[in-house]
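Structure first, commentary second.
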Amino acid sequence: MTDLQRHAMTAPEVRPAMAPVAPGIVLPGQRLEFPALEPLPLDCGVSLAPFTVAYQTYGTLNADKSNAILVCHALTGDQFVAEIHPVTGKPGWWETMVGPGLVFDTDRYFIICTNVLGGCMGSSGPATVNPATGQPWGLSFPVITIRDMVRAQKRLIDHLGIDSLFCVTGGSMGGMQVLEWAACYPERVFSAMPIATAARHSAQNIAFHEVGRQAIMADPEWSGGSYQRQGKRPERGLAVARMAAHITYLSEAALHRKFGRSLQDREQLSFGFDADFQVESYLRHQGSIFVDRFDANSYLYITRACDYFDLAAEHGGTLANAFRGTKTRFCIVSFTSDWLYPTSENRAVVHALNAAAANVSFVEIATDKGHDAFLLEEPEFFATVGGFLNGCAEHRGLKRP
């Protein structure tokens, strides 16, 4: 075998991404396919090979590859950060932040976002095909962790030839990935911005996720996880899971301001079990549109990855140990009305960074928009992120366009 033939068998292959959740839809962006000879070791004790990372980029990578920002998406996000989503037709989930002249200025930075391992928008997960069987993985896909997601992302960053990411950022589960990046590969992360997150999942959050998983598994259409092979879809269970989770993304004040106890398309109570209240109709709508873009088994796997996340446990039980000797510059952001990942959880990360003598700043944004505030119009948040990025750019000598 020649060196050229051997390279062809082992080199990752870049292809246009295809959507496993919507037959016939071609996703923009790319898929990086790692061959069987490059297995990905997982925390569960097995290796995944071959495997695929689907990703999207915005902006241009500069000559010395010093302007790359990795954006890590939240639980039900994906790689389509700043463009019309190919399945839903809706704007990208961070279009308020990413684009020319915006906070993450694509005229200045090269933005990378991957669909996480276990996801359902092109990266390997339970909805993709197991090459050994020719059938969707389903529950035979290995259970993955946040650290496994980061390992897969690192393979992509290595492939792109980027030695040091200018910044790694993300909110919620994305923030967990940021913390994992900073702990596992500090030499590869110049700056890190975890937003509205925590260093471990609380018992309350695990409880909410379990309600969602049980809703999915109780749906007869789930079929023990093999619904794809049987041409079924557990839409009702997945919709209920989304409804329960969506409540945690909001705040009581935001719900009251938007809905209160207003009735939905009626003058009086129905004395039945239809959606009498606007908030009921809203949640049902959120559940119904979610099933069009997300895979039920992926929801099981990704929520489990969040539940298993405990950065201190990965480092001898002391969170500060995760950041000993780090030179990464940190900015931690929380929101006053976020009860899913409250300020106290974010402060715990700040205290650990202080104990490790890290360079860290912390901002708590006053808002009543709840956990989802990082996805919404929030001027103080925009100013905080922009100020941190500009300061880091000046420190690194990154020129303006």
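The values are calculated or read from the model by the stated rules, or taken from the named source; none is laboratory data. What you see is a predicted model; the values in this text were computed from it and never measured. Note that each Cβ is placed from the backbone with ideal geometry, even for glycine, and that neighbours are counted across all protein chains shown.
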*Name, by its number, the condition in (1) of a type outside the set (Ser, Thr, Tyr); (2) outside the structural domain of Asp368 (by TED's automatic domain parsing); (3) outside any helix (DSSP H, G or I) that does not hold for Cys331.*
(2)
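For region 180-195, indicate whether the set of residues that are outside the structural domain of Ala74 (by TED's automatic domain parsing), closer than 30 Å to Lys154 by Cα, small (Gly, Ala, Ser) and out of contact with any Asp or Glu (no Cβ under 8 Å at 6 or more places or on another chain) is non-empty. Break it down stepwise before answering.
Going through region 180-195, the residues outside the structural domain of Ala74 (by TED's automatic domain parsing) turn out to be none.
No; the residues of region 180-195 include none that is outside the structural domain of Ala74 (by TED's automatic domain parsing), closer than 30 Å to Lys154 by Cα, small (Gly, Ala, Ser) and out of contact with any Asp or Glu (no Cβ under 8 Å at 6 or more places or on another chain).
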*Could you look through region 304-352, keep only residues that are surrounded by 20 or more Cβ atoms within 10 Å (Cβ to Cβ), small (Gly, Ala, Ser) and under 26 Å from Asp43 (Cβ atoms), and pick out the one that is nearest to the chain's Cα centre (by Cα)?*
Ala305
*Consider Arg347 carefully, then state whether it is among the charged types (D, E, K, R) and without any contact (Cβ under 8 Å) to a residue 24 or more places away in the chain.*
yes
*For Asp43, work out the one condition from (1) over 14 Å from Ser124 (Cα atoms); (2) modelled with pLDDT of 85 or more; (3) in contact with a Leu (Cβ under 9 Å, 6 or more places away or on another chain) it doesn't fulfil.*
(3)
*Within region 253-271, is even one residue out of contact with any helix residue (DSSP H, G or I) (no Cβ under 6 Å at 6 or more places or on another chain), closer than 24 Å to Lys369 by Cβ, assigned to a loop (DSSP other than H, G, I, E, B) and of a type outside the set (Asp, Glu)?*
yes
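Conditions (1) hydrophobic (A, V, I, L, M, F, W, C); (2) in contact (Cβ under 8 Å) with a residue 40 or more places away in the chain, marked per residue:
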{"position": "Ala312", "(1), (2)": "yes, yes"}
{"position": "Thr318", "(1), (2)": "no, no"}
{"position": "Phe323", "(1), (2)": "yes, yes"}
{"position": "Arg329", "(1), (2)": "no, yes"}
{"position": "Thr343", "(1), (2)": "no, no"}
{"position": "His371", "(1), (2)": "no, yes"}
{"position": "Thr384", "(1), (2)": "no, yes"}
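Taking into account only those residues within region 272-293 that are part of a loop (DSSP other than H, G, I, E, B) and in contact with a helix residue (DSSP H, G or I) (Cβ under 7 Å, 6 or more places away or on another chain), which is modelled with the highest pLDDT? Break it down stepwise before answering.
Filtering region 272-293 down to residues part of a loop (DSSP other than H, G, I, E, B) leaves 272-276, 291-293.
Now narrow it down to the ones that are in contact with a helix residue (DSSP H, G or I) (Cβ under 7 Å, 6 or more places away or on another chain): 275, 291.
On the way: Ala275: 88, Val291: 95.
Step by step, filter region 272-293, then rank; the result is Val291.
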*Considering only region 29-53, state which residues are without any contact (Cβ under 8 Å) to a residue 24 or more places away in the chain and in contact with a strand residue (DSSP E or B) (Cβ under 8 Å, 6 or more places away or on another chain).*
Glu33, Pro39, Ser47, Ala49
*State yes or no: is His246 in contact (Cβ under 8 Å) with a residue 24 or more places away in the chain and assigned by TED's automatic domain parsing to the domain that holds Phe80?*
no
*Do we find a residue being of a type in the set (Gly, Ala, Ser), modelled with pLDDT of 95 or more, more than 24 Å from Arg229 (Cβ to Cβ) and part of a helix (DSSP H, G or I) anywhere in region 299-306?*
no
*Does any residue of region 344-356 turn out to be at pLDDT 95 or above, acidic (Asp, Glu) and either part of a helix (DSSP H, G or I) or on the phi > 0 side of the Ramachandran plot (or both)?*
yes
*Among all residue pairs at least 6 apart or on different chains, which show Cβ distances below 7 Å where the first residue, located in region 194-222, is over 20 Å from Ala352 (Cβ atoms) and the second is of a type in the set (Val, Ile, Thr) and modelled with pLDDT of 95 or more?*
Phe208/Thr248; His209/Thr303; Gly212/Thr303; Arg213/Thr303; Ala215/Val240; Trp222/Ile216
